[in-house]
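Visitor: Before anything else, here's the structure in question.
The values are calculated or read from the model by the stated rules, or taken from the named source; none is laboratory data. The model shown is predicted, which means the values in this text are computed figures rather than measured ones. FYI the Cβ positions are ideal-geometry reconstructions off the backbone, even for glycines, and counts take in every protein chain you see. Just so you know, the surface numbers come from the protein's heavy atoms only, side chains and all, with ligands and any DNA or RNA stripped out. Shrake-Rupley method; radii C 1.70, N 1.55, O 1.52, S 1.80 Å.
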Amino acid sequence: YKDLIDPVALLRKQRNSTALGSFWPYASNEKHEDFCFSEEIIRNYSEVMSISQPLVSEQICSAYKFYKHKKILDLGGGQATFAINLAKKYPNLKISVFDLPQVSKIAGEKICNSGFESQIKVYQGSFLRDPIPKGYDLITLIRVLYDHPDKNLKVILASAKKSLQTSGKLLIAEPMAGE
């Protein structure tokens with residue numbers, strides 16, 4: 001709410017940084033130097049995303065038929081909240097999560113605590129720089145794209161397309177876009 005004290009200045013971009021931007025580092029980091037974020041920043045951001053994920057997960061699971069797939073990669077999967085929810089509903093799915101090393105460490109802990117370590121695998125990397133694992137028939141981008149500038153979106157989507165199987169699908173879910 002500090003950012004809204006002077007909304008005209010905010011809209012005119014008269015400030016170099018915002019309070020929200022300091023909490024949401026991906027949104028304002030044009031170079032996406034994702035490995036320079038402190039562990040505290042990564043953990044705080046990931047925790048907010050994870051806390052709000054169950055409602056989004058339920059909506060996505062009720063709107064899409066995941067049983068049609070065998071191997072799913074949750075790109076930018078954070079703390080694996082969505083992957084764990086999928087594993088609970090679809091015990092035959094093989095699921096992987098791909099995210100930054102700092103976030104993947106947290107995901108690994110959450111997966112072990114959930115008991116789904118035999119069903120969910122974690123990959124570390126940046127989807128802007130590193131190759132995305134291949135061999136999946138579905139890649140999900142759940143609440144990922146709205147966090148990034150357009151030039152990064154092109155890289156993310158191109159990387160996802162390159163790593164998908166020929167008949168694979170890409171599922172994009174952005175709650176800000178409506179149903």
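Visitor: Select, from Asn152, Asn113, Asn92, the only residue that is part of a helix (DSSP H, G or I) and open to solvent by 20 Å² or more (accessible area, probe 1.4 Å).
Guide: Just a single option satisfies the conditions, and that option is Asn113.
Visitor: Quick check on the range 69-82: of everything there that is modelled with pLDDT of 95 or more and not hydrophobic (A, V, I, L, M, F, W, C), which residue is most open to solvent (accessible area, probe 1.4 Å)?
Guide: It comes out as Lys70.
Visitor: I need the full set of residues from the range 95-110 which are outside any helix (DSSP H, G or I) and not aliphatic (A, V, I, L, M), in order please.
Guide: Hits for the range 95-110 are Ser96, Phe98, Asp99.
Visitor: Among the numbered criteria (1) assigned to a strand (DSSP E or B); (2) touching a Phe, Trp or Tyr at 6+ places or on another chain (Cβ under 8 Å); (3) of a type outside the set (Ser, Thr, Tyr); (4) surrounded by fewer than 18 Cβ atoms within 10 Å (Cβ to Cβ), which single criterion is violated by Asp137?
Guide: (2)
Visitor: Any residue at all in the range 118-140 that's more than 19 Å from Glu58 (Cα to Cα) and of a type in the set (Asp, Glu)?
Guide: Yes, some residue in the range 118-140 is more than 19 Å from Glu58 (Cα to Cα) and of a type in the set (Asp, Glu).
Visitor: I would also like to ask the following. Can you pull out every residue in the range 159-176 that is aliphatic (A, V, I, L, M), within 13 Å of Lys134 (Cα to Cα) and in a helix (DSSP H, G or I)?
Guide: Scanning the range 159-176 gives a single hit, Ala160.
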